[in-house]
Amino acid sequence: MNHPVAGRDVGAANFEFARTLVSELRTAGVAAAVVCPGSRSSPLTLAIARERGLEYTVHIDERSAAFHALGRAKADGRPVALVCTSGTAGANFAPAVAEACHARVPLIVLTADRPPELRAWSAPQTMEQRLLYAGFTRWSEEAPCPSEDIGPGYARALARRAVAEAIGPAPGPVHLNLPFREPLLPSGPIAAESLAPSIGSQATVEPGTTCDEAVTEGFEVLAATRQGVVVCGADPWNPSLPAAVQRMADAFGWPVLGDPASGLRAGAVTEAALIAGADLLLRHEPTAAALRPELVIRIGGPPTSKAVNQWMARHMAAEVWLVDPAGGYRDPQHRATRRVRMSPQRFCELAARIAPEPSADSLAWRARWQQADRIARAAVVAMLERDTRLLTPQLARALWSLLPAEALLYAGNSMAVRDVDSFAGPRTAPLRVLANRGVNGIDGQVSAALGAAAAWSGPTVLWCGDLALLHDLGGLLAGRLHGDDLTIVASNDDGGGIFEYLPVAQAIPRSEFESLFAVSHGLDLAELGRGLGWQGVRVGSRDEFAHALQRALQGGRHLIEVPIDRAANTALHGALAQAVRDRLQAEWRP
């Protein structure tokens, strides 16, 4: 059903609204757009294509497209617009929107819609879209149909607010549901030029802060603390944060536990304070019990390491401060005793300013952590150097050492990011590490890495498991269509290897475990990649892997398959954990 407004060109109104909205989004800071083809969204699609200075890519799979946008926004921190038609298309965005919510990644989701009078009347490709992402957006709004005398001023204001909400103190997704009546486009030729940007419309958001004087009063607690620990989880990248964390840690004499995606694990800046083997040493119960903190400073999201999270949960007497400019509640242990609404960099700078000289007790406290760290990592290195196989611990160390400076490593869920956390030791050369640790799903890994590669100037490598790769075959197709540069390292253990580490692996018969959890597929992933236009190769040794990786980093789309014996890999993880426990028991003195 069509409801044109008398005397008004409905198609022209649609296109004028879309062009104004898109132009203002770009002016306000949107870096790129990811478009899925569709009829109802055609005004938005053509507006994006005609907007000078706005990069865009077109994707046939909405789920893959959404993760591509997520990866791109995660890599450079600028919001990305994501566009689809009406109906179920927007529902396929939901997993990436949820990840963007929890990982604090700015997305502007634009879902085209049928006009309100067609909803709930069984009109084709029409469903309730206004609440598609309820609970996951920083802001959501439905615009009126442009044909209802909606002028450019509203479109500009809508775009400015969308960007401001997306890049606020807690960055995240914004949803604009945009209904369009038919005819969707003007009847005549559509102009190719973009609109002139409006004056003074650049969106700026001041992060939430706490008065310096009030915080300084609270910092008196820090000055009196001898056994403090700084725990940094994954968060939007701030290149100035590592140096600020190091200054604070040195000022107080405290250790720093840095998640792989925190930005603190690679580079020389935090080397003096960083405990790279926290996941290993805190699995040893006596060590975890003896390293009893008085205060934990939490920066960023929850750590990847289960051992680190359990260590924080067990020491109930310790204070836990959450430093978060958004004043959020990223506290799954419900342990926070103080929430500081301030940028982590500013917090560290203020803390370092008021810190006394590190006491002998504080320096001895950090030295105990450093000794345990050296012992744990030495036990792992000794065992892995004797073991010539290429299993996932060796693969983690190989990637960590072989990737060049300024490369980007996208570590997939479930086991890849955990193995990087456990086995990637200190590294002085810079390396950007990304991971989808907001909701921790395995979906969209290839697409997210392709999005990151589009925004990153250096080489980009995704390391994921076989099921994560198979879950996003649409991403492989998207990479071929767009000609992106990406190297995928797929560790293929023929099924869900992570389930081998769960109690269910021992609780039921092996045949039942294999059919219900492991789900072996028997596929040749390198051959699969070649069939989708990637250069696929299977490697079986460390030397073969190093050679294949070096060649892949020259550019193009590469899929390096690393077959993994699942039983041997599980056994090696157990043996490494036992070696760390034995070495700490013999050499570490609390």
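The values are calculated or read from the model by the stated rules, or taken from the named source; none is laboratory data. Quantities reported herein were computed from a predicted structural model and do not represent experimental measurements. Using ideal geometry, Cβ is built from the backbone for each residue, glycine included, and neighbour counts are taken over all protein chains shown. Only protein heavy atoms, including side chains, enter the accessible area calculation; ligands, DNA and RNA are left aside. Shrake-Rupley method; radii C 1.70, N 1.55, O 1.52, S 1.80 Å.
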Completion exercise
Those residues of the range 138-149 which are crowded, with 16+ Cβ neighbours inside 10 Å and over 33 Å from the mean Cα position of the chain (by Cα) amount to 145, 146, 147
Handout entry: Restricting the range 1-35 to residues that are at pLDDT 95 or above and assigned to a loop (DSSP other than H, G, I, E, B), the residue that is nearest to residue 88 (Cα to Cα)
Key = 30
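Among the residues of the range 43-50, is any at negative phi and out of contact with any helix residue (DSSP H, G or I) (no Cβ under 8 Å at 6 or more places or on another chain)? Spell out how you get there, then give the answer.
Step one: list which residues in the range 43-50 are at negative phi, which gives 43-50.
Checking the rest, the ones that are also out of contact with any helix residue (DSSP H, G or I) (no Cβ under 8 Å at 6 or more places or on another chain) come to 45, 49.
Within the range 43-50, one or more residues are at negative phi and out of contact with any helix residue (DSSP H, G or I) (no Cβ under 8 Å at 6 or more places or on another chain).
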Handout entry: Scan of the range 356-373 for residues that are in contact with a Gly (Cβ under 9 Å, 6 or more places away or on another chain) and crowded, with 17+ Cβ neighbours inside 10 Å, ordered by number
Key = 358, 362, 365, 366, 372, 373
Exercise for the section: State whether one or more residues within the range 331-351 are assigned to a helix (DSSP H, G or I) and without any contact (Cβ under 8 Å) to a residue 60 or more places away in the chain. Expected result: no
Exercise for the section: Can you give me the ranges of the helices (runs of 4 or more DSSP H) entirely in the range 152-256 with at least 1 residues that are under 30 Å from residue 81 (Cβ atoms) and modelled with pLDDT of 95 or more? Expected result: 152-166
Handout entry: Residue in the range 372-392 that is of a type in the set (Asp, Glu) and within 19 Å of the chain's Cα centre (by Cα) present
Key = no
Practice task
Kindly check whether there is at least one residue in the range 423-430 that is part of a strand (DSSP E or B), open to solvent by less than 20 Å² (accessible area, probe 1.4 Å) and not charged (D, E, K, R).
Solution key: no
Problem - Candidates 152, 106, 169 - the one that is more than 28 Å from residue 12 (Cα to Cα), open to solvent by 20 Å² or more (accessible area, probe 1.4 Å), touching a residue at least 24 places away in the same chain (Cβ under 8 Å) and out of contact with any His (no Cβ under 9 Å at 6 or more places or on another chain) - result: 169
Problem - Of the criteria (1) assigned to a loop (DSSP other than H, G, I, E, B); (2) touching a helix residue (DSSP H, G or I) at 6+ places or on another chain (Cβ under 7 Å), which one residue 394 fails - result: (1)
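Yes or no, residue by residue, for (1) surrounded by fewer than 22 Cβ atoms within 10 Å (Cβ to Cβ); (2) of a type in the set (S, T, N, Q); (3) in a loop (DSSP other than H, G, I, E, B):
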position: 279; (1), (2), (3): no, no, no
position: 286; (1), (2), (3): yes, no, no
position: 298; (1), (2), (3): no, no, no
position: 304; (1), (2), (3): no, yes, yes
position: 309; (1), (2), (3): yes, yes, no
position: 317; (1), (2), (3): yes, no, yes
position: 320; (1), (2), (3): no, no, no
position: 327; (1), (2), (3): yes, no, yes
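Those residues that are in contact with a strand residue (DSSP E or B) (Cβ under 8 Å, 6 or more places away or on another chain), open to solvent by 80 Å² or more (accessible area, probe 1.4 Å) and assigned to a helix (DSSP H, G or I), I need them from the range 538-584; list them, please. Reasoning before the result, please.
Initial filter on the range 538-584 (in contact with a strand residue (DSSP E or B) (Cβ under 8 Å, 6 or more places away or on another chain)): 538-540, 545, 548-549, 551-553, 556-564.
Restricting the remaining residues to those that are open to solvent by 80 Å² or more (accessible area, probe 1.4 Å) gives 538, 551.
Scanning the range 538-584 gives a single hit, 551.
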Practice task
Check whether at least one residue in the range 68-79 is free of Cβ contacts under 8 Å to residues at least 24 places away in the same chain and not in a helix (DSSP H, G or I), and report yes or no.
Solution key: no
Practice task
Would you confirm whether any residue within the range 567-577 is in contact with a helix residue (DSSP H, G or I) (Cβ under 7 Å, 6 or more places away or on another chain), of a type outside the set (Ser, Thr, Tyr) and at positive phi?
Solution key: no
